[in-house]
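The block underneath contains the structure these notes are about, expressed in structure tokens.
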Amino acid sequence: MRMVVKYAKQDRVKYISHLDLMRTLHRALRRAGIPVAFSQGYNPQPKVAFAPPLPVGMTSQGEYMDVMLASEMRPQEFCQGMNSVLPQGIAILKAVAIDESLPSLMSMIERALYCISLKAPGLCIEGALKDFLAQPDITITKSGKKGERLVNIRPMIHRLDIVGQEEGKVIMEAMLSAGSKESLNPEQMIRSFLEFAGIEGDSCCFADIHRLDMFLYRGNAWITPLELERG
Amino acid sequence: MDKSVLDEILRQVTKPVRYMGNEYNMVEKDPSKVLIRFAFAFPDVYEVGMSHLGMKILYHLMNEREDTYCERVFAPWTDMEQKMREKGLPLFALESKDPIAEFDFVGFTLQYEMCYTNVINMLDLARIPLRWWEREKNHPFIIAGGPCAYNVEPMADFFDLVVMGDGEEVINELLDVYRQWKMQGGTRQDFLVAAARIPGVYVPHFYDVEYDDDGTVRSVKPNREGIPSVIQKRVVRDLDRAYYPETMIVPYMDIVHDRVMLEVFRGCTRGCRFCQAGIIYRPVRERSVPRLMDLAEKLINNTGYEELSLSSLSTSDYSDLENLVKQLMERFAPQKVSFSLPSLRIDSFSRELIEEMIKVRKAGLTFAPEAGTQRLRDVINKGVTEEDLLNSVRQAFELGWDTVKLYLMIGLPTETQEDLEGIADLARKVKSCYLDVTGGQRAHRLRITVSVASFVPKPFTPFQWVAQDTIERLNQKLDFLKDKLRIKSVEFDWHDPRLSFLEAVFARGDRRLGKVLIKAWEMGCKFDGWAEHFKYHIWLKAFEDAGIDPGFYANRARDREEVLPWSHIDVGVTPSFLWREYQKALRGELTPDCRERCWGCGITRLEGGLCQ
């Protein structure tokens, strides 16, 4: 039985790396006594896979993991069992059973929606944002395993709107590419925007970023992984 | 504390998870509802400190008490420290994030001499006055325990009191006395006087040290009424009945020992003459198989750990090991729990059992012959022969291992050139054993690591009287070995002799070294055990400024009559036994395992234990 599980990573655990979070969830699965299936071979591993990782320092209410179970279990039971053994700040929101033959979450998911709260006291950025997005190319330097390379991130920004303002903060929503094909870290995008707009910010404390959900394209529509629930 | 300042800092430092707390099984209490707040302080980074079993035991033990909230604090890494100082954030406990300066106790565990500057740095970062005489009514009591607490003299200025021996019982007695004192009201001295009546509690400044003209200690005497002239360490009588946590904090980050630790026994009967742990943790006390099975069950279920280690000083000496491992395998293998047995002697194990165990995971193998020749191994009473070692290595190769690590020491008493050559010979023999077993089949996969440390004479060992080799001499020996060990498939690594030299100074130091520690810390020494932070030239400057010759402590042989700075501490094993062992060492005579017969080490004077 294959289950897709939606979970939240809240403020008090936002500094855990993806690797640490994976380990934490593996151990929670053991504590909860979930009948996770194991791989065969010399060093058996639990069959648990994850959606695109959340960068350290961000919070989320739309994280996903994909768990293969060795025996049937009611999704509700899974959620209850897990929530009673998780550290504070990590919460299972929902689980659904999906078709075992579906590809991995990592390969299916293509977009993620973020809420970005930008600390920009007294600044009017609407105009700058419009000009920023009007550029045909937005080139940033990405550093990866093969060293630094230039990337045009404009095609990875599917939507970037100001949705509200409150005391010294601008609230934005961004739909960005995420997944194994291409992926854009919202922090890098914001950095690029601030540079474009000539706004000087404390280089590392300029924004609170929260992931709202992740999406995949299926049957002519963008759906969340939970909507893969088998009929 | 201003949480937004912390939040801002955490975005800017490496491994912020070190400072975050909130791990599964962390104890949460309302600090306003307890009488005693205790900060358990480990003077190294989180991932080192969280691997320490003693902390796990005492943390949960203290938190069993309704009147006490024990929290944790570690040494912040230098980037974090810098940010904290910039933003004016004092050292805080992970659980509540409250400054530890507001606590009742800050209790340091001293595992290693080279953590002393970190203790000082943590006190400073906490804004707690460094020396005991500078602290006032509103300051916490700064206390210490752990192996280095047995000769805590170099740190005597900094601690209000020190606990000798197993902490499980003393800590509750200490907290009870504190509770009474806090409710009645009184001076700091009132509490210390009351605490000093608890057996195993040592208040350094209740003792005066006098020195002779030649710089040696003349006497150590209590300076007030009702204080014992000798402090005897405390021993937990029955480990089965002693407290052991049924749950452990599960860190997010990968710590050094990231697994359930099951302490199978405490103490060691082997009597290696260089080994301090083998003396100070006497007598041997074992946990029974049923008790261990019960604890394993609870700990695995409560933590979700996928690995369990059987810990002790010499796990293969557990009297019912085969049975224990069998039962553990039967019970936990279906759950895919793997086992690690550090300090295992592979020869004492049935081959089927090893084969069974490596099905779950094959960890690296480490052997510790300690010395290169049989003569020298006899001197140090390491009851291992070359044949033992080669048999074990052969078995390991037959079972498919390709990498082994050999631990050895240089600078041991009576060492000659021949003993050094023996180290290289041993590496060569291990290599030919591999080629023999594999028929040269997978020769490219072989890796033998020869890891060499310089011998550090420690207090409370038969070698507590000997002179350490000078750094120059140790470097010559290392150079010789580097040359001799240019062998394909053999890697050579070594511990910095300058660090071993300082370890030797502080291990056998006296109170006069306190001012050296302060000077070194003032000039920026911290994390001295971390190669990237070790600043030897600054240490030398600190000794010079303090007018102290470090060689006096490290490179000087003591005679039998000398009053050692730790002579007022009784660890159970008597100085006369240690001296006898030293003399036997010089004659190359062995003292077999004391399970075979009693050698009269003196530990039976203390309560309980296997020793009758």
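Assorted remarks:
- Taking the range B:381-424 as the range and being part of a loop (DSSP other than H, G, I, E, B) and hydroxyl-bearing (Ser, Thr, Tyr) as the test, the residues that pass are B:Thr385, B:Thr414, B:Thr416.
- Residue that is nearest to the other protein chains (Cβ to nearest Cβ) [pool: residues in the range B:309-323 that are touching a Leu at 6+ places or on another chain (Cβ under 6 Å) and open to solvent by less than 10 Å² (accessible area, probe 1.4 Å)]: B:Leu310
- Just so you know, in the range A:60-91 the residues that are open to solvent by 30 Å² or more (accessible area, probe 1.4 Å) and in a loop (DSSP other than H, G, I, E, B) include one that is farthest from the other protein chains (Cβ to nearest Cβ), and it is A:Arg74.
- Test: residue in the range A:9-21 that is closer than 26 Å to A:Glu100 by Cβ, of a type in the set (Asp, Glu) and surrounded by 15 or more Cβ atoms within 10 Å (Cβ to Cβ): no
- B:Thr604 being among the polar types (S, T, N, Q) and open to solvent by less than 40 Å² (accessible area, probe 1.4 Å): no
- Of the residues examined, A:Leu102 is one that is closer than 28 Å to A:Asn220 by Cα and either within 14 Å of chain B (Cβ to nearest Cβ) or surrounded by 12 or more Cβ atoms within 10 Å (Cβ to Cβ) (or both).
- A:Ala28 meets the conditions (1) away from chain B (no Cβ under 14 Å); (2) under 28 Å from B:Ser338 (Cα atoms); (3) of a type outside the set (Asp, Glu) in every case but one. The failed one is (1).
- When each of B:Glu81, B:Glu95, B:Glu66 is tested for being touching a helix residue (DSSP H, G or I) at 6+ places or on another chain (Cβ under 9 Å), at pLDDT 95 or above and within 13 Å of chain A (Cβ to nearest Cβ), the lone residue that passes is B:Glu95.
- Selection count, the range A:1-13, where residues are assigned to a loop (DSSP other than H, G, I, E, B) and either at the interface with chain B (Cβ under 7 Å from one of its Cβ atoms) or touching a helix residue (DSSP H, G or I) at 6+ places or on another chain (Cβ under 9 Å) (or both): 0
- Unmet requirement for A:Met3, which otherwise passes all of (1) open to solvent by 30 Å² or more (accessible area, probe 1.4 Å); (2) within 23 Å of A:Ser101 (Cα to Cα): (1)
- Condition met for B:Phe460 (on the phi > 0 side of the Ramachandran plot and buried (at least 19 other Cβ atoms within 10 Å of the Cβ)): yes
- One residue stands out in the range B:1-11 among those that are touching a helix residue (DSSP H, G or I) at 6+ places or on another chain (Cβ under 7 Å) and buried (at least 18 other Cβ atoms within 10 Å of the Cβ): the one that is nearest to the other protein chains (Cβ to nearest Cβ), namely B:Leu10.
- One residue from B:Tyr46, B:Tyr24 being of a type outside the set (S, T, N, Q), under 30 Å from B:Glu263 (Cα atoms) and under 25 Å from the mean Cα position of the chain (by Cα): B:Tyr46
- Annotation: of all residues in the range A:40-59 being away from chain B (no Cβ under 13 Å) and in a strand (DSSP E or B), the one that is surrounded by the most Cβ atoms within 10 Å (Cβ to Cβ) is A:Phe50.
The values are calculated or read from the model by the stated rules, or taken from the named source; none is laboratory data. Quick caveat: nothing in here was measured; it's all calculated off a predicted structure. Here Cβ is always computed from backbone atoms with ideal geometry, including for glycine, and neighbour counts include all displayed protein chains. Just so you know, the surface numbers come from the protein's heavy atoms only, side chains and all, with ligands and any DNA or RNA stripped out. Shrake-Rupley method; radii C 1.70, N 1.55, O 1.52, S 1.80 Å.
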